[in-house]
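Just below is one structure, and these are the notes that go with it.
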Amino acid sequence: MSKTIQQASLCALGRTAPNPALSTLRYFRDEYLEHISNHRCPAGVCKKLTEFYIDPELCTGCGRCRRRCPAEAIGGEKKKAHQINIAKCIKCGECINNCNFRAVKVK
Ligand code: SF4
Ligand code: SF4
């Protein structure tokens, strides 16, 4: 469609407007396909396609994410692996930003 727009446009704006779409398709084709085919956002940017979880192997149970979570969606005992309650999570990203152990992941 972008190529047709470029070829059929009578003005310079029409000929250049599709360039961002064409460039991102060229360099990020895998990401487009992941969104369309698997309904996943590998970069963790599209909230509707994102789910946060805690890797129990990496979580030290420090509780920092639990204290920072604005939705009280994180539970767990001190020094034990914590968990995220997906039903409560508003996908704000505070937990991932505040975990010093890279234990919060996005899928
Ligand atoms: S901040 Fe990280 S290490 Fe600490 S409880 Fe949360 S997920 Fe675990
Ligand atoms: S993304 Fe936000 S709401 Fe969801 S668990 Fe992390 S801090 Fe809580």
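The values are calculated or read from the model by the stated rules, or taken from the named source; none is laboratory data. Just so you know, these numbers come straight off a predicted model, no measurement behind them. Heads up, the Cβs are rebuilt from the backbone with ideal geometry, glycines too, and the neighbour counts pull from every protein chain shown. Areas reflect the complete protein model, heavy atoms only, side chains present, ligands, DNA and RNA absent. Shrake-Rupley method; radii C 1.70, N 1.55, O 1.52, S 1.80 Å.
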(request) Restricting attention to helices (runs of 4 or more DSSP H) lying wholly within the chain, give those where 1 or more residues are within 20 Å of the chain's Cα centre (by Cα). (result) 19-27, 29-38, 64-68, 94-98
(request) Go through segment 75-98 and count every residue that is surrounded by 11 or more Cβ atoms within 10 Å (Cβ to Cβ), of a type in the set (S, T, N, Q) and either more than 14 Å from PRO56 (Cβ to Cβ) or not assigned by TED's automatic domain parsing to the domain that holds CYS65 (or both). (result) 2
(request) Give segment 60-74 a look and list any residue that's in contact (Cβ under 8 Å) with a residue 24 or more places away in the chain and either near ligand 2 (Cβ under 10 Å from one of its atoms) or open to solvent by less than 30 Å² (accessible area, probe 1.4 Å) (or both), or say none. (result) CYS65, ARG68, CYS69, PRO70
(request) Kindly indicate whether ARG40 is touching a helix residue (DSSP H, G or I) at 6+ places or on another chain (Cβ under 7 Å), open to solvent by 80 Å² or more (accessible area, probe 1.4 Å), touching a residue at least 12 places away in the same chain (Cβ under 8 Å) and within 16 Å of ligand 1 (Cβ to nearest atom). (result) no
(request) Report yes if GLY63 is near ligand 1 (Cβ under 7 Å from one of its atoms), on the phi > 0 side of the Ramachandran plot and in contact with a strand residue (DSSP E or B) (Cβ under 9 Å, 6 or more places away or on another chain), otherwise no. (result) yes
